[in-house]
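Asks: Pasting a structure here, questions to come.
Since every read-out is calculated from the coordinates, none of them should be taken as a lab result. What you are looking at is a predicted structure, and each value in this text was computed from that prediction instead of being measured. Please note: Cβ atoms are built from the backbone with ideal geometry, for glycine as well, and neighbour counts cover all protein chains shown.
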């Protein structure tokens, strides 16, 4: 056992298990505070909470981009992580090459890769832009490209950090359809969302609510949406969606 | 007075991909007001705002600001009146901490150090950034916090016209509600705001006028079926 025995990373059959996990940054800010969590396959999970509540840190922890400072992390497979800002995600010069990048790293057969890339470009409405320089893309197009470059990869767990940001309503629905397809295939998707309408209109099964680094709620969407206290904790009391919904 | 007029305005990315062709448009005629641009990704909303901010000038046709050709405005004179918040906050935050970023906007203002500090602190409180974040550089903040910091750096200047590119992206609902109050207060103070957004409910709640940008056209949203389908109007 290593000298840092109070933080262990163990490979087991469990998709993800966190036991009393905390993550602190060099600034001593505690980003996650004693989080207990289990993630299973085929789930569509919404991750909600105010800015700075720990959502992104959770995603980075599951993707092994940050280490826990305390507690026990059990990972079957690391999560594939979509960065909050697509500019931090996209690395290749053209749209087509960006989508192909992940497959190239898997040493995929070129013919199969070509078919997968073309399919993803069409699914995300980027086929006509396939030879375009990524610098030419709008924010929404760049977001779609960042998502497209990930969803074809063979991960069993995805953490999408605000995938609906920068997207128009039609693109949001399109992305959500693709997320649903992943879930139908037994993949788990965890999605950070800031808008209550997405939680209600898209069929999320489970909500994780973070507040100041703590996991304050882990349960069904319906119970969450009916609780004024939980909505307030997420900062959703008074959201414009509820005003127009009436 | 109409704030912006577009006359036979045409623009193409890299001179090749047409975005707007012979656009004629007058916006901001009921000064002060809050005007939203909505539309599909890639329709040219950011381009439109960038032109209005005098950040893009390789277009043909004319764009007038306060009845004067935008290209004839002297840079410093224009910047006293118009400021823009970019879509990615890190593109306009570069100091060692966000308090310094906000103070940078006031660098050439004729104010004492204490007055600048007070203005900066007030606007950081206004956007809901706690004091323990002020001494951090933007890359140590969460995405939403960085966006608030960039917003503060623009709001501190007290410009007549604010151009905001997707100001609600990445911010939580509480901050969005605060942004609504800020918009309304700015309008009451005589400022005009032009912003792009995909946030249907925010647009509906705060805007005096909504334009739909699509296929090279900019039309009042109430005349556009897709805008009604999206629930923008």
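Asks: Test residue B:15 against the stated conditions and say whether it is assigned to a loop (DSSP other than H, G, I, E, B), out of contact with any helix residue (DSSP H, G or I) (no Cβ under 8 Å at 6 or more places or on another chain) and farther than 22 Å from residue B:68 by Cβ.
Replies: The answer is yes for residue B:15.
Asks: Still on this structure, please answer the following. Going by the conditions given, is residue A:217 in contact with a helix residue (DSSP H, G or I) (Cβ under 8 Å, 6 or more places away or on another chain) and either assigned to a strand (DSSP E or B) or within 13 Å of chain B (Cβ to nearest Cβ) (or both)?
Replies: When the stated conditions are applied, residue A:217 passes them.
Asks: Moving to a separate point now. Give just the number: which of (1) within 14 Å of another protein chain (Cβ to nearest Cβ); (2) within 15 Å of the chain's Cα centre (by Cα); (3) in contact (Cβ under 8 Å) with a residue 40 or more places away in the chain; (4) not in a strand (DSSP E or B) does residue B:91 not satisfy?
Replies: For residue B:91, the exception is condition (3).
Asks: Let me ask you something else. Test each condition in (1) more than 10 Å from chain B (Cβ to nearest Cβ); (2) farther than 25 Å from residue B:196 by Cα; (3) surrounded by fewer than 18 Cβ atoms within 10 Å (Cβ to Cβ); (4) free of Cβ contacts under 8 Å to residues at least 24 places away in the same chain for residue A:230 and report the one that comes out false.
Replies: (3)
Results for (1) free of Cβ contacts under 8 Å to residues at least 12 places away in the same chain; (2) closer than 22 Å to residue B:166 by Cα; (3) in contact with a strand residue (DSSP E or B) (Cβ under 7 Å, 6 or more places away or on another chain), shown as yes or no for each residue.
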{"site": "B:9", "(1), (2), (3)": "no, no, yes"}
{"site": "B:16", "(1), (2), (3)": "yes, no, no"}
{"site": "B:19", "(1), (2), (3)": "no, yes, yes"}
{"site": "B:22", "(1), (2), (3)": "no, no, yes"}
{"site": "B:31", "(1), (2), (3)": "no, yes, yes"}
{"site": "B:34", "(1), (2), (3)": "no, yes, yes"}
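Asks: Out of the stretch A:84-99, which residues are in contact (Cβ under 8 Å) with a residue 24 or more places away in the chain and either outside any helix (DSSP H, G or I) or within 15 Å of residue A:117 (Cα to Cα) (or both)?
Replies: Residues satisfying the conditions are A:84, A:89, A:90, A:92, A:93, A:94, A:95, A:96, A:98, A:99.
Asks: Would you confirm whether any residue within the stretch A:102-114 is farther than 23 Å from residue A:155 by Cβ, over 24 Å from the mean Cα position of the chain (by Cα) and part of a loop (DSSP other than H, G, I, E, B)?
Replies: The answer is no, given that none of the residues of the stretch A:102-114 is farther than 23 Å from residue A:155 by Cβ, over 24 Å from the mean Cα position of the chain (by Cα) and part of a loop (DSSP other than H, G, I, E, B).
Asks: Looking at the stretch A:139-161, can you tell me whether even one residue there is part of a loop (DSSP other than H, G, I, E, B), within 14 Å of chain B (Cβ to nearest Cβ) and closer than 15 Å to residue A:84 by Cα?
Replies: yes
Asks: Right, something else. What are the residues in the stretch B:152-161 that are crowded, with 24+ Cβ neighbours inside 10 Å and touching a strand residue (DSSP E or B) at 6+ places or on another chain (Cβ under 9 Å), if any?
Replies: B:153, B:155
Asks: Also, I was wondering about something else. If you scan the stretch A:197-212, which residues turn out to be within 14 Å of chain B (Cβ to nearest Cβ) and crowded, with 22+ Cβ neighbours inside 10 Å?
Replies: Of everything in the stretch A:197-212, those that are within 14 Å of chain B (Cβ to nearest Cβ) and crowded, with 22+ Cβ neighbours inside 10 Å turn out to be A:209, A:210.
Asks: Among the residues of the stretch B:35-61, count how many are away from chain A (no Cβ under 14 Å) and either crowded, with 22+ Cβ neighbours inside 10 Å or part of a loop (DSSP other than H, G, I, E, B) (or both).
Replies: Residues meeting the conditions: 8.
Asks: Scan the stretch B:169-200 for residues that are within 14 Å of another protein chain (Cβ to nearest Cβ) and either surrounded by fewer than 20 Cβ atoms within 10 Å (Cβ to Cβ) or not in a loop (DSSP other than H, G, I, E, B) (or both) and report the count.
Replies: Residues flagged as within 14 Å of another protein chain (Cβ to nearest Cβ) and either surrounded by fewer than 20 Cβ atoms within 10 Å (Cβ to Cβ) or not in a loop (DSSP other than H, G, I, E, B) (or both) within the stretch B:169-200 amount to 14.
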